[in-house]
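Below is one structure; the comments refer to it alone.
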Amino acid sequence: MRFRNDIQGLRALAVFFVLIFHIDKNWLPGGFIGVDMFFVVSGYLISSIILTKKNKRTFSFKEFYISRIKRIVPAYFVFLIVTTFFVSYIYFLSDAYIYRDALLWSILFVSNSYFAKLDTYFGALSSENPLLHTWTLAVEMQFYLFLPLMLIFLSRAKSRWLLMILTGVLCIYSTYQVIYLGNKDGMYFSLIARSPEFFLGVLLNFYQFNFANKTKLRNVLNLTGGFLLFGSLVFINERSAFPGVTALLPCFGVSLILITKEGPLSKFISNRTFVYIGELSYSIYLWHWPILALYRYYYGKYDIDNVFHLIAILILVAILSWLSYRYVENSFRKSVWNKKRVQSFLLIVFLLGVSGYVLMKINRNFNNFPVEFSSQIAHGLESHAETYVSDILRGDTLSKDTLLLIGDSHALAMNSFFELLGKRNGFCFESVTNSRYVPILGVDSSDIETRYYSQHKKLAEIAFKKMKQSKIIFFAKAWRFEIPSLGEALENIIMELDTNQHVIILSDFPEVNASPIRVNRSITKNRDNPFAWIVSTYLPSEDIFELVRKYENVHYLDLSHSPVFSNTPYYKDTIMYYDDDHLNRYGSEEYALSSEEKFIDFLSTILP
């Protein structure tokens with residue numbers, strides 16, 4: 001295919017949109033459509049190569065797949081090696097384990113499936129995951145596997161009709177999944193949902209677009225494509241029903257620009273600057289995200305509010321992108337793979353394997369903070385979410401006085417609280433806790449993300465059976481996150497309990513504006529770090545308080561004024577949180593000791 005400057009210009013626009021969105025999603029709410037632009041362009045270019053060689057009877061599956069490996073893999077593997085090296089020094093041990101799993105999936109180009117199912121509620125957030133953007137490369141490589149099979153073994157007419165049908169059916173399917181089943185995350189990372197975007201680019205090669213003597217029409221279509229593209233940046237955002245039919249807007253825009261290559265917008269993006277950035281676009285895409293993610297992880301916040309830091313980040317992105325393009329990407333893509341080149345590639349593969357092996361060894365020497373300060377693991381995950389095991393007793397396990405704790409991850413953080421008080425005061429307890437969503441039967445399915453629903457339902461059924469058998473039921477959650485149907489669901493359960501069964505709604509502990517252990521880089525207070533802590537405490541919603549007023553066996557226990565929170569996130573100059581909104585084991589136990597008298601006095605008023 002003849003080199004086209006306007007296509008490089010489209011790549012430049014795409015990577016620019018993605019870069020701005022990733023720096024601050026509020027600057028360009030729809031900037032993530034840059035990924036969709038890449039998919040359309042890739043579908044167009046790759047299918048053009050395949051169909052051209054098919055017509056000349058020179059297509060070879062072996063050559064095609066080798067060319068894709070040469071184009072993508074060497075630079076990608078080098079990026080993984082370098083990123084892993086920095087992760088080993090920056091990540092905490094519990095997050096390093098998660099990273100190691102993500103690294104394996106990324107190496108195999110199936111990270112899209114991994115991230116679609118990964119619960120990142122604990123540990124590093126999505127914005128701090130340096131491999132998150134590899135899902136696009138996984139989708140692209142998977143698409144390259146089956147596209148030649150379709151185009152080579154089917155006639156041109158059959159391929160065209162099949163592509164048109166698949167585009168329509170898959171768009172409808174993904175839209176249904178997003179809007180009616182709430183499976184937005186699953187579809188966002190899905191090859192099935194993203195294939196129509198590639199297919200649009202492929203379909204352009206099945207039609208002849210001749211705008212000779214139709215300059216006005218060409219210009220109108222070209223500018224219409226630009227309008228759809230730039231309009232999508234404003235009107236599409238993270239709250240949109242995306243992907244699906246909505247994703248077709250920017251994709252149609254790119255398609256119109258591709259077929260009207262001499263239009264005004266196409267000419268504008270064909271200048272030398274856009275073409276050069278387009279040449280670097282793959283390397284820019286590879287390197288910009290891990291730099292941003294590791295910066296956010298290290299500082300424990302999303303916003304890059306220091307202009308000098310932002311400038312340094314952009315300079316680093318530019319340098320690494322140029323080095324990667326000049327010495328890795330171009331070196332392997334354009335050179336003949338002789339013995340020396342193959343040896344170089346095998347060395348990269350070897351170094352990648354070594355980096356994954358030494359990751360944990362290096363990490364343990366630099367960021368091996370005790371788990372009671374740095375991880376949710378210290379609270380005991382045997383009764384939490386997908387790791388739930390039935391009938392786990394904590395506290396004074398010889399006691400016949402058994403309490404029940406129900407809730408989300410904030411309730412999990414209270415395991416250490418209850419365990420210590422149980423041992424000191426002769427009671428034991430069971431807990432059923434879940435990530436994000438409180439395991440209560442009757443919560444509307446529309447209030448729960450699809451990927452969490454089956455787990456929620458399973459735990460809710462377990463919790464309900466235990467609630468029916470428990471005299472004292474504690475209910476704790478992050479009140480910052482409201483679940484609209486929770487009040488009604490909880491009331492329905494309360495009405496099924498006997499009047500001598502008591503439900504105690506617990507106050508929540510405060511949250512802070514960053515992960516203290518990351519900001520502090522130590523478990524004890526760093527007095528040289530003048531970080532401005534913002535402490536927020538959230539109350540239950542009004543419908544929950546209404547239950548307290550309505551039912552005599554429903555109570556609200558407010559422990560939020562405990563003296564341990566007088567200098568949040570520290571107590572006795574020691575960090576109480578393992579991230580920005582979860583107490584660590586040390587914090588939970590100190591919270592228990594300071595609240596012990598009030599807690600036990602309260603229990604004595606409702607126990608017979």
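Worth a mention:
- Distance from region 69-121 to region 1-30 (C-alpha centre basis), Å: 24 Å
- Calculated Rg and Dmax of region 504-608 using C-alpha coordinates, Å: 16.0, 53
- A crude spin-label estimate for the pair L314 and E63, with each label 7 Å from Cα along the Cβ direction, gives 4.3 nm.
- Dipole of region 378-519 [Lys/Arg +1, Asp/Glu -1 at C-beta], most positive-end residue of F509, S390, S470: S390
- Normalised by residue number, the volume inside the convex hull of the Cα atoms of region 372-606 is 118 Å³ per residue.
- Using C-alpha pairs under 8 Å with a sequence gap of at least 6, the mean separation divided by the residue count of region 372-606 gives a relative contact order of 23 percent.
- Charge dipole (debye, nearest 20) of the chain; +1 at Cβ of Lys and Arg, -1 at Cβ of Asp and Glu: 4680 debye
- Backbone N under 15 Å from the R156 label point (7 Å along Cα→Cβ), restricted to region 174-218: 203-210
- Projected label points at V307 and A532, each 7 Å from Cα along the beta carbon direction, are separated by 1.7 nanometres.
- Förster radius 51 Å - calculated FRET efficiency between K423 and L166 (Cβ-Cβ, nearest 0.05): 0.25
- 0 to 90° range, to nearest 10: angle between helix 272-299 axis and the chain longest Cα axis: 10 degrees
- The largest-to-smallest principal axis extents of the Cα set in the chain are 91, 49, 41 Å.
- FRET efficiency, 1/(1 + (r/R0)^6) with R0 30 Å, evaluated for E449 and I20 via beta carbons: 0.65
- Cα centroid separation - region 452-512 against region 370-428, whole Å: 16 Å
- FRET E, pair D101, Q469, Förster distance 41 Å, beta-carbon r, rounded to 0.05: 0.65
- The slack in the chain from E382 to F3, taken as 0.36 nm per residue of separation less the alpha-carbon distance, amounts to 130.6 nm.
- For the chain: relative contact order, % (alpha-carbon pairs under 8 angstrom, 6 or more apart): 16 percent
- Of the GluC sites (Glu not before Pro) found in region 537-570, those that fall in a DSSP loop while having at most 16 other beta-carbon atoms within 10 Å are E552.
- Over region 5-364, volume per residue of the alpha carbon convex hull, in Å³: 141 Å³
- Positive end of the dipole of the chain (Cβ unit charges, origin at the Cα centre): among F85, S344, L403, the Cα lying farthest that way belongs to S344.
- Coil-residue trypsin sites (Lys or Arg not before Pro) of region 30-88, DSSP, other Cβ within 10 Å capped at 16: K56, R57
- Here is how the number arises for the chain: DSSP H runs of 4 or more residues each give -39500 (n - 2.57), the sum is divided by the residue count, and the result at 222 nm is -19000 deg cm²/dmol.
- Of all DSSP beta bridges in region 372-606, antiparallel share, percent nearest 5: 30 percent
- Placing +1 on the Cβ of every Lys and Arg and -1 on the Cβ of every Asp and Glu, with nothing else charged, gives region 419-538 a dipole about its Cα centre of roughly 680 debye.
- For the chain, with +1 on Lys and Arg beta carbons and -1 on Asp and Glu, the positive-most of T574, V317, F369 along the dipole: V317
- Y207 paired with N500, simple spin-label distance in nm, labels 7 Å along Cα-to-beta-carbon: 7.6 nm
- Electrostatic dipole magnitude of region 372-606 [Cβ: Lys, Arg +1; Asp, Glu -1; Cα centre; debye, to 20]: 520 debye
- Spread of Cα-to-Cα distances over 10 Å intervals beginning at zero, given as percent, for region 205-282: 18, 40, 34, 8, 0
- Coil-residue chymotrypsin sites (Phe, Trp or Tyr not before Pro) of region 242-312, DSSP, other Cβ within 10 Å capped at 16: Y302
Every number in this text was worked out from the coordinates using simple rules, so none of it is lab data. Keep in mind that what you see is a predicted model, and the values were worked out from it rather than measured. Note: ideal-geometry Cβ built from the backbone for every residue, glycine included; neighbour counts use all protein chains shown.
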